[in-house]
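The structure under discussion appears below in the form of structure tokens.
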Amino acid sequence: MTSVSSDVFEAVTSQLFVELRQVYKDTGKVTDEILSALSNVYQAPLLPALDLVDSRSVSRLVCPAGRQLYQVIGSSGTPYTCFKGNNYCSCPAYRFSVLNKEELSMCKHILAVKLSDAMEVTKKLEVTDKELTDLLINLE
């Protein structure tokens, strides 16, 4: 993706999440129009990501030092560590489909984090600085 294409993609997706936040806040639902737009942009990972959001599998871990990361319990029950700002996930699909093959812009776990945050349904878990550090040290 060229720099201009990337900038346009970021602007479009950013606006889409703003609209999702407002519609969900007002109605408690995701409209067909928003679902259609999300499907056009994210395609394959969208439905599995929505399933993760529906099952409340997304948590934001925050430590006293103010650092934070996301943890998503995958459909198999495995916890994956995600960083929303740089679209990183510790899952195998991220390494294979996003990094190696460049088939997707993000895995279902990162998309679930973005959707969950936009819908304001992300669980917040307070952890110690050591617990967060241990999670980071043990990333694969």
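Candidates LEU35, LEU69, LEU61: the one that is in contact with a Cys (Cβ under 8 Å, 6 or more places away or on another chain) and among the hydrophobic types (A, V, I, L, M, F, W, C) is LEU69.
The listed residues are ALA37, ALA65, and the only one of them that is under 26 Å from LEU132 (Cα atoms) and more than 13 Å from the chain's Cα centre (by Cα) turns out to be ALA65. Across region 88-140, the number of residues qualifying as surrounded by 13 or more Cβ atoms within 10 Å (Cβ to Cβ), at pLDDT 95 or above and assigned to a loop (DSSP other than H, G, I, E, B) comes to 4. Flag not set for GLY85, criterion: at positive phi, open to solvent by 40 Å² or more (accessible area, probe 1.4 Å) and of a type outside the set (Val, Ile, Thr).
Across region 38-49, the qualifying residues are those that are in contact (Cβ under 8 Å) with a residue 60 or more places away in the chain and among the small types (Gly, Ala, Ser), and the one among them that is farthest from VAL113 (Cα to Cα) is ALA44. Of all residues in region 1-37, those being over 18 Å from THR122 (Cα atoms) and either touching a residue at least 40 places away in the same chain (Cβ under 8 Å) or touching a Pro at 6+ places or on another chain (Cβ under 9 Å) (or both) number 1. Listed by position, the helices (runs of 4 or more DSSP H) inside region 1-87 whose residues that are out of contact with any strand residue (DSSP E or B) (no Cβ under 7 Å at 6 or more places or on another chain) and at pLDDT below 95 number at least 3 are 3-27, 32-42. Within region 42-82, the residues that satisfy the criterion of being open to solvent by less than 40 Å² (accessible area, probe 1.4 Å), among the β-branched types (Val, Ile, Thr) and over 11 Å from LEU111 (Cα atoms) are VAL62, THR81.
The values are calculated or read from the model by the stated rules, or taken from the named source; none is laboratory data. Predicted model only: the values in this text are computed from it and were never measured. With ideal geometry, Cβ positions are generated from the backbone for all residues, glycine too; neighbour counts draw on all protein chains shown. Heavy atoms of the whole protein, side chains included, go into the accessibility calculation; ligands, DNA and RNA do not. Shrake-Rupley method; radii C 1.70, N 1.55, O 1.52, S 1.80 Å.
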